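Quick notes on the structure that follows.
The values are calculated or read from the model by the stated rules, or taken from the named source; none is laboratory data. From a predicted model like this one, the values you see are computed outputs, not experimental measurements. Please note: Cβ atoms are built from the backbone with ideal geometry, for glycine as well, and neighbour counts cover all protein chains shown.
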Amino acid sequence: MSTILIPTGPPGSGKSTLCNGLQQFMRAVARPCSVGNLDPANDNIPYEASFDVRELVNIEEVMEREELGPNGGVLWAMEEVEANIDWLLERLEDCEETILLDPPGQPELTTHHTALPRILHRLEKAGYRIVIIQLLDSIVLTRPSLYLSSLILCLRGMLHLPYPVVNVLTKIDNLKAVGGADLPFNLDFYTEVQDLHHLLPSLAQELQATPSASSEKWDKLNEALISLIEDHGLVGFDTVAVEDRQSMANLLRAIDRASGYVFQGARATDEEGRTISDEASIWAQAMNEGYGKMEIRDVQERWIERKEEFDELERKAWEEEARLAGALPEEPAATVKRKDAEGDENMDEEEDELLVEQRKWQEEKAKKGGGSGTGFVKK
Ligand SMILES: Nc1nc2c(ncn2[C@@H]2O[C@H](COP(=O)(O)OP(=O)(O)OP(=O)(O)O)[C@@H](O)[C@H]2O)c(=O)[nH]1
Ligand SMILES: [Mg+2]
């Protein structure tokens, strides 16, 4: 049975980037995967598309003919896909067993417009397993009201598209830069979506800073929204930084849990029996051994508390790997000499300390069952 994965979420939440990231990651672990573009306004497709909705509809023509703006044009185009579902089914037949569909970002599609649910219903009837990957830019954590309204949006999405869902906070690598270090709670508070009433004081504080503050009504509304979310048991969030392999491995595991996919061990050969490349084989093995499992406190440490330190470690590891592969020149002897002459032993010491920390981090992970022992730390 083939599985269709659909990242949904507001414009700019990272849908197309995630399709690209997952395509690359699955290739690296020798897992067959196809991506189809369903966004008629997607002018800059970052992945290798197996098919493209623009073969079926031309958004400019639609806008002109139907006298619609860009949003209306996109919604109309989705209705066109629904009306031509055989076109989509034929394209899907040529795809691999895991298929990513990159939809447009119009929130209407996941809140009340009926084309997408109807399309998915047809695909499900045709035998595809559907998994929704609901994306939210992690910047929403930096404003309590934005976080709260995003949770409502997620709930609405789950009701509108009633399939197994993985909720994901995207761009977690960017969170610190947009204020993530000043969050009043640890990351697990936001990802576990529990005890939301703790947000009430920050919501009230945020309101006081806005001119429209007429407090009591808002306080009551916020309380009601919070109990609504808690009553509906929104299952919580995973996180992702698309450029980070460990983060991608972690997310793929969550998606596989939702879809019921079981990775069939490390494949030394592909489905036709051809030998797959060594790198893919190593990665397949690593995934099989549990590489990538990350607790939320590890995510907090990696991307917020010690971000610069780990970034630097990864940069060095990448440089070293590139040097070993011959892509970067050996450090010129003159530079090395000059460093010695300047008595820059501290730098080596510092480097060693960082490597010790890196090893510790990996060992801790391995103990928690998240380490592969393969030494992959860089993206
Ligand atoms: N730092 C960082 N940036 C990301 C990540 N994922 C996506 N982005 C950036 O976010 C921006 C929007 O990403 P897209 O993938 O185009 O978002 P989208 O949801 O497809 O947007 P629409 O198609 O317009 O709805 C791009 O500049 C991406 O490079 C991530 O994990 N980390
Ligand atoms: Mg997109």
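Overview of results
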quantity	calculated
In segment 109-121, residue nearest to Ile4 (Cα to Cα) [restricted to those that are touching a helix residue (DSSP H, G or I) at 6+ places or on another chain (Cβ under 6 Å) and free of Cβ contacts under 8 Å to residues at least 40 places away in the same chain]	Arg118
Among the candidates Val81, Val57, Val131, residue that is assigned to a helix (DSSP H, G or I) and either touching a Cys at 6+ places or on another chain (Cβ under 7 Å) or among the β-branched types (Val, Ile, Thr) (or both)	Val81
Complete set of residues in segment 48-104 that are among the polar types (S, T, N, Q) and free of Cβ contacts under 8 Å to residues at least 24 places away in the same chain	Asn58
Meets criteria (of a type outside the set (Lys, Arg) and either buried (at least 19 other Cβ atoms within 10 Å of the Cβ) or in contact with a Phe, Trp or Tyr (Cβ under 6 Å, 6 or more places away or on another chain) (or both)) for Ile152	no
Test result for Arg31, touching a helix residue (DSSP H, G or I) at 6+ places or on another chain (Cβ under 9 Å) and more than 16 Å from ligand 2 (Cβ to nearest atom)	yes
Conditions (1) part of a helix (DSSP H, G or I); (2) crowded, with 19+ Cβ neighbours inside 10 Å; (3) within 16 Å of ligand 2 (Cβ to nearest atom); (4) at pLDDT below 95: number failed by Asn71	(2)
Residue count, segment 111-146 (criterion: over 20 Å from Val35 (Cα atoms) and within 16 Å of ligand 2 (Cβ to nearest atom))	2
Restricting segment 89-118 to residues that are in contact with a Lys or Arg (Cβ under 8 Å, 6 or more places away or on another chain) and buried (at least 17 other Cβ atoms within 10 Å of the Cβ), the residue that is nearest to Gly260 (Cα to Cα)	Thr98
Selection from segment 51-97 of residues that are over 19 Å from Ala126 (Cα atoms) and among the small types (Gly, Ala, Ser)	Gly69, Gly72, Gly73, Ala77
Test: residue in segment 223-235 that is of a type in the set (Ser, Thr, Tyr), closer than 26 Å to Tyr147 by Cα, assigned to a helix (DSSP H, G or I) and at pLDDT 90 or above	yes
Sole exception among (1) touching a helix residue (DSSP H, G or I) at 6+ places or on another chain (Cβ under 7 Å); (2) more than 29 Å from Glu301 (Cα to Cα); (3) of a type in the set (A, V, I, L, M) for Met158, by number	(1)
Options Gly36, Gly14: the member that is crowded, with 20+ Cβ neighbours inside 10 Å and more than 7 Å from ligand 1 (Cβ to nearest atom)	Gly36
Residue within segment 75-91 that is within 13 Å of ligand 2 (Cβ to nearest atom) and in contact with a Phe, Trp or Tyr (Cβ under 8 Å, 6 or more places away or on another chain) present	no
Any pair with Cβ under 8 angstrom, 6 or more apart, that starts in segment 175-197 at a residue that is outside the structural domain of Asp219 (by TED's automatic domain parsing) and ends at one that is of a type in the set (D, E, K, R) and part of a loop (DSSP other than H, G, I, E, B)	Phe189/Asp195
